[in-house]
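What follows is a single structure, written as structure tokens, with notes after it.
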Amino acid sequence: MARSVALRRYNRAIIGLSLAYAAALIGANMVFKGNAPTGPLAYSIAILPALPIIGMFGAIGRYLSEEQDEYVRLLAVRQTLIASAFALSIATAWGFLESFDVVGHVDSYYIAVLWFGGLGVGACVNQFAPAGRAA
């Protein structure tokens, strides 16, 4: 099956943003392990690893708007909806468990990790459930 222009563009963007994320995370960790900055500089450096992740969400949105094959777009939309439901459900449940001191605190950036894991769950659903039926 030939890959669409939109999918090729998406793949390039995700690879580039993944490399940028790794560089930003390693760089920020190195800065904060040394003589940690304070004030606005600390905020600026600490937010750097989040920017490529935000860019990945934008790349996914761009792909969904540019994909011309309606069936492929339907599968991608369903995959992202499943990822959203997966991540938000776990984050919500964990938040209540945490608020009642049943579990420990987990940093909120793990919600994005859950979401990307949810893309894998969505891909499995797409593999095994026909697109005409609800997941």
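With distances taken between every two different alpha-carbon atoms, the chain has a Kirkwood hydrodynamic radius of 17.1 Å. Between ASN11 and LYS33, the FRET efficiency from the beta-carbon distance, with R0 = 35 Å, is close to 0.60. Entry note, the chain: relative contact order of 25 percent, from Cα contacts under 8 Å with a spacing of 6+ residues. Legend: Rg and Dmax of segment 90-131, from Cα coordinates, 13.8, 41 Å.
How much length is gained if the chain between ARG62 and ASP107 is pulled fully straight, taking 0.36 nm per residue apart and subtracting their Cα-Cα distance, in nm to one decimal?
Numbers: separation 45, 0.36 × 45 = 16.20 nm, distance 2.79 nm.
Length gained, ARG62 through ASP107: 13.4 nm.
Within the accessible surface of the chain, defined with a 1.4 Å probe on protein heavy atoms only, the carbon and sulfur portion equals 68 percent.
Surface exposure of segment 35-135, expressed per residue as accessible area with a 1.4 Å probe, stands at 65 Å². For segment 38-111, the convex hull spanned by the alpha carbon atoms encloses 102 Å³ per residue. Taking the Cα centre of the chain as reference, the dipole from Cβ charges on Lys and Arg (+1) and Asp and Glu (-1) amounts to some 460 debye. Against the empirical 2.2 N^0.38 Å (N residues), segment 17-56 has a Cα radius of gyration ratio of 1.14.
As a test of the formula, what do you get for the chain when each DSSP H run with n ≥ 4 contributes -39,500 (n - 2.57) and the sum is divided by the residue count, at 222 nm and rounded to the nearest 500 deg cm²/dmol? Result for the chain, helices only: -26500 deg cm²/dmol. Equivalent-ellipsoid semi-axes for segment 4-70 (Cα gyration tensor, √(5λ), whole Å, largest first): 33, 11, 5. Using heavy atoms of the protein chains and a probe of 1.4 Å, the accessible area assigned to THR38 is about 110 Å².
The values are calculated or read from the model by the stated rules, or taken from the named source; none is laboratory data. Keep in mind it's a predicted model, so treat the numbers as computed, not measured. We place every Cβ from the backbone using ideal geometry, glycine too, and count neighbours over all the protein chains shown. The protein model used for the area step is the full one, side chains on, heavy atoms only, and it has no ligands, DNA or RNA in it. Shrake-Rupley method; radii C 1.70, N 1.55, O 1.52, S 1.80 Å.
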